[in-house]
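Derivation of every value follows stated rules applied to the coordinates shown; laboratory data play no part. Remember, it's a predicted structure, so these values are computed and weren't measured experimentally. Reconstructed Cβ throughout: ideal geometry from the backbone, glycine too, with neighbour counts over all protein chains shown.
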Amino acid sequence: MAKYLLKRIFYMILTLFLVATITFFLMKMMPGSPYANEAKMTATQKAIMNKQYGLDKPVIEQYITYLAGAAHGDFGISFQYSNQPVSSLIGARLGASAQLGLQALVVGIILGIIIGSIAAVNQGTWIDSTATIVSIIGKSVPNFVLAVLLQYYIGLKLGWFPIAGWGEAAQTIMPTIALSVGPLAETARFIRTEMVDTLSSDYVELGKAKGLSRIEVIRKHTLRNSMIPLVTLIGPYAVALMTGSMVIENIFNIPGIGEQFTKSILTNDYPTIMGVSMVYCFGLVVILLLTDIVYSLIDPRIRLTD
Amino acid sequence: MDQDASNVKITPESFEHVEKGDTQSAEHISGPSLSFMQNVWIRFKSNKAAMISAVIIIVMVVIAFGSSFWINNSSLVKSAPQYANLPAKWKGFDWLNGLNGKIKQNGVWTDAYASVPAGKYFVAGTDYLGRSLAQRIIYGTKISLIVAVVAAFFDLAIGVAYGIISGWKGGMTDNIMQRIIEIISSVPTLVIVVLMLVVLKPGITSIILALAISSWTTMARQIRAETLSLKNEEYILAARSLGESTFKIATKHLIPNLSSIIIIQTMYTIPSAIFFEAFLSFIGIGISAPETSLGVLLNEGQKNFQFLPYQMWYPAAVLCVLMIAFNLLGDGLRDAFDPKGQR
Amino acid sequence: MANRILDVKNLKIDFHTYAGEVKAIRDVSFHLDEGETLAIVGESGSGKSVTTRSIIGLLAKNSQIMGGQILFHGKDLLKISEKEWQQIRGNQIAMIFQDPMTSLDPTMKIGQQIAEPLIKHKGASKKEAWAKALEMMKAVGISNAEERINQYPHQFSGGMRQRIVIAIALICEPEILLADEPTTALDVTVQAEILDLMKDLQKRVKTSIIFITHDLGVVAGMADRVNVMYAGEFLEKGTVDEIFYNPQHPYTWGLINSMPTLTSEKLESIPGTPPDLLDPPKGDPFAPRNKYAMKIDAQMKPPFFKVSETHQAATWLLHPDAPKVTPPDEIVRRWEHYKELQAADKD
């Protein structure tokens, strides 16, 4: 176990190092200058700016400085918001994104489990078909389309929830719904398949032969065995939520990392793009490691070795 | 004693020995034997949702590509301000709000076509530059389909080649190739795509490239797993011991047996590529005007959604139908290839 | 007469399939006395598993009982509610399944799985139930039970898992134990151990066993009586000695002939396949594969002819008008041995 974890952490660091290196040199290759108002600057001003951002030094030196900084979570200074370090720019926005992502994940998974298990228990009936249709639609309708529709019809027309902004609990409801539909649909499909399998397993049959009622068999032997493998989907969900947050945060005007990422890309703010990329990668590798550990804890068959 | 109440008379002849009835007749196989692909086709045909989806996709592809002769980007960039922002108007549908050229302004349905010459109809209305939305949607669908299909094709080519090499070579090569996949797949797709788009110039080619590069790992993993198990199948061992070249074995034996995985996985890659293109264009870092795609149309439609909702509704509906159809088709193919429905 | 606990009368079960109605069980009658072991022998698809599953009320969804009675202490199990079934299952009637590798819940501790029926049926507290589970684990021969009670199924071998399944089945000391090919999935050496264990526990717990198998060899040391099943019907019923040494039905001859013996050089087999139960034959179902078939076999179903008080066989060969036939050599040898045995008994 300890050996496995060490190995995993080594690969995590290797991954992050490679991403940092690749992003750094990609950004260095970029033509043009990073400054927003470059056209108006004189050569001297540029030289001063370059010095301020450390751009006058040899590339290798810049690279080492960058790596050393990145290891501490310091990604340099944003080109667009002068004098503001990328790390504080991201740090200020981490909370909103994390809260939104977590809310969407929890809502999506819980509702998905409920819909999926109801479908499996009623396999082959109209309830099952309805659940299947719901999850296909949920999987197919892009979350940003749903977000725009929610914002207009529920927010503006019906006025049930604030149409945008961040701060109050009510403002989180519509973005959470829009983001949770993807994980919800995926979970419902997954749980349904797993449960249909489990329900026809020999140990469920033995449970019935023990004299357990249908409800008892489902509660004691089916649900847990169907839900455990769901842990492996948390990683892919995290990726989907990162993607989703870029557009959902924009639509609902939420000060999160996703919204910052979009803005930085549109304004060629390379240090911020690099910083956010690193944060996303770091988030994912940590989540993947955590889900592996959790999986081994809740499923006695899984042991963390090669 | 349970005597059979039948009216057969027992006579001495009844006990005459008969030659053992021909056992062959008891062993006849009912129904003609079907090949694997025939079975797949029969199962697929019986799945109504998948069949309808296949028809919808075919119709959309035919319309999108068949219209190339009439609708091209150079004609689509021409603006016609006199027709700007007209809602849909269909001949003979004057009674139906939404298709009669009227639009709701301050709660009243007013005729938007009042200043337009009579006899001019736009079946899906026009955009802010007076261009036919129907034409733009058809053209945009074509671009979205091209992006998705080409990306899926590259993804397939990279994934299949990588998976076969990794699974077939085994040992150290496999080990290293798997570590590489592990590292790549622990980087969010989004980051790879965004970095590619920042470095390359946003546009159709860079989106295709970015999507292909970021999504081949799933295919490669599945192909590798299947190659590993196929490698030890007897007919492949036989081909190997007969000295057949690896390339020949791969094309003659492996690829046909991997075809179901390739088809199913590709069918799932296409809708996710469609989604990604729409997503990137929607936030403005993918395809952008003057080029058109479903994502571009959604992006433009969203700006005016409050006043001219049809400009977003129509492309959104086309996008959703396309996504649903591809997902249902993928499910149908998966069930047809693997009746147990494992995923 | 011994105390009769189970009496199955004229049971008929159909299965609805896409191809039509499969008549899986066609008029089956048998009984089970207290403390005895009844073996039901037949090839796969003969309906032996369906018969046992009907006794514990766990038939597949697409099955339908077309007639008959299953009397358990005089109460017809075909007429009771699902609630009543739940009180009988695992308590008075328990079952062991074929594959121990998949019969246990992979994510639940062994102790809890064994204790579950006791908590459900006897209202035992968790502590009492675990204590009894520990006792049962020792009884089925699991060493180091104190530690292993907290382990999970994947930490046990196939033989050990089947012992656990037996412990689950016997923890409530059921009156009837249904064993559906309990040793088929196991290694030959482990098979013998499991059979010994079952015999041993049967004496201690005083349960009756219905033992399903396709392997006549397993039956010899295990059963008191044997019923031979074919195409959803019984063809021959008798005590274990009668079936092994005085078999009357050509199908039983075929089964015995296909068992390996010390002297046999090659294994005999019964050519052909069982009839299609979508459209069952009207006469003797075994006739198409029977070397000794007669005209009447195809026309009319043979009744059970009585051979002795405990032995009957459904074959027209036993009709007084039927010609005498010479069975295979192995059977002739056995018949001679049987005569010697009976002569010895008389002395």
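Brief remarks on what is shown
- Gaussian network model of chain A, springs between alpha carbon atoms under 10 Å - residue of A:Pro58, A:Pro85, A:Pro236 with greatest fluctuation: A:Pro58
- Rounded to 0.05, the FRET efficiency of the C:Glu84 and A:Ile163 pair, given R0 = 45 Å and the Cβ-Cβ distance, is 0.15.
- When the convex hull of its Cα atoms is viewed from all sides, region A:49-180 shows a mean projected area of 12.5 nm².
- Across peptide B:176-186, the mean count of Cβ atoms from other chains lying within 10 Å of each residue's own Cβ comes to 3.
- Other-chain or far-sequence residues with amide H under 5 Å of C:Phe305's (modelled H): C:Ala313, C:Ala314, C:Thr315
- Backbone amide hydrogens, once placed in the peptide plane, bring C:Gly67 within less than 5 Å of C:Lys12, excluding anything fewer than 5 places away on its chain.
- Computed FRET value (nearest 0.05) for A:Lys51 with A:Ile22, which takes r as the C-beta separation and R₀ as 30 Å: 0.70
- Over every Cα atom in chain A, the radius of gyration and the widest Cα-Cα span, Dmax, amount to 24.0, 87 Å.
- Nearest-ten-degree value, helix C:329-346 long axis tilted from longest Cα axis of chain C: 80 degrees
- Cα centroid separation, region C:1-36 to region C:103-155 (Å): 33 Å
- Annotation: Cα Rg of chain C relative to the compact-globule expectation 2.2 N^0.38 Å equals 1.05.
- Summed over qualifying helices (DSSP H, 4 residues or more, each -39500 (n - 2.57)) and divided by its residue number, chain A shows a 222 nm mean residue ellipticity of -23500 deg cm²/dmol.
- Grouping the Cα pair distances of region C:1-111 into 10 Å bins from zero gives a pair-distance distribution of 12, 40, 34, 13, 1 percent in increasing distance order.
- Legend: mean number of C-beta atoms from other chains within 10 angstrom of residue C-beta atoms, peptide C:291-300, equals 5.
- For peptide C:283-290, the mean count of partner chain Cβ atoms within 10 Å of a residue's Cβ comes to 2.
- Between region B:42-70 and region C:47-100, the alpha-carbon centres lie 50 Å apart.
- ³J(HN,Hα) computed for each position of region A:100-105 - Karplus, 6.51 cos²θ - 1.76 cosθ + 1.60, integer Hz, glycine/proline x: 4, x, 5, 4, 5, 5
- Converting phi to 3J(HN,Hα) with the Karplus coefficients 6.51, -1.76 and 1.60 and the offset θ = phi - 60°, region B:222-237 yields 5, 5, 4, 4, 6, 4, 4, 7, 5, 3, 9, 5, 5, 5, 6, 4 Hz in sequence order, with x at every glycine or proline.
- Here the Gaussian network model covers chain C, with springs between Cα atoms less than 10 Å apart; of C:Phe286, C:Phe234, C:Phe305, C:Phe305 fluctuates the most.
- The separation of region C:194-264 from region B:242-259, counted between C-alpha centres, amounts to 51 Å.
- Under 5 Å from the amide H of B:Gly125 lie the amide H atoms of B:Ala88, B:Lys89, B:Leu133, B:Ala134, each residue being 5 or more positions distant or on a separate chain, with H modelled from the backbone and absent for Pro and chain starts.
- Per-residue ³J(HN,Hα) for region A:267-279, Karplus 6.51 cos²θ - 1.76 cosθ + 1.60, θ = phi - 60°, Hz, x for Gly and Pro: 10, 6, 7, 4, x, 6, 4, 4, x, 5, 4, 5, 5
- Computed [θ] at 222 nm, deg cm²/dmol, chain C (DSSP H ≥ 4; -39,500 (n - 2.57); rounded to nearest 500): -10500 deg cm²/dmol
- Between A:Ile302 and A:Met1, residue separation times 0.36 nm minus the direct Cα-Cα distance comes to 107.2 nm.
- Förster radius 35 Å - calculated FRET efficiency between B:Arg240 and B:Trp41 (Cβ-Cβ, nearest 0.05): 0.65
- Kirkwood Rh, angstrom, the protein assembly as shown [1 / mean 1/r, Cα pairs]: 34.2 Å
- Across region C:103-154, the convex hull enclosing all Cα atoms gives 80 Å³ per residue.
- Peptides A:285-292, C:8-15, C:46-53, B:167-174 ordered by packing proxy, namely the average of other Cβ atoms within 10 Å per residue, highest first: C:46-53, C:8-15, A:285-292, B:167-174.
- Net charge of neighbours whose Cβ lies under 14 Å from the Cβ of C:Lys109, counting Lys and Arg as +1 and Asp and Glu as -1: +1
- Dividing the alpha-carbon radius of gyration of region C:242-346 by the rule-of-thumb value 2.2 N^0.38 Å gives 1.15.
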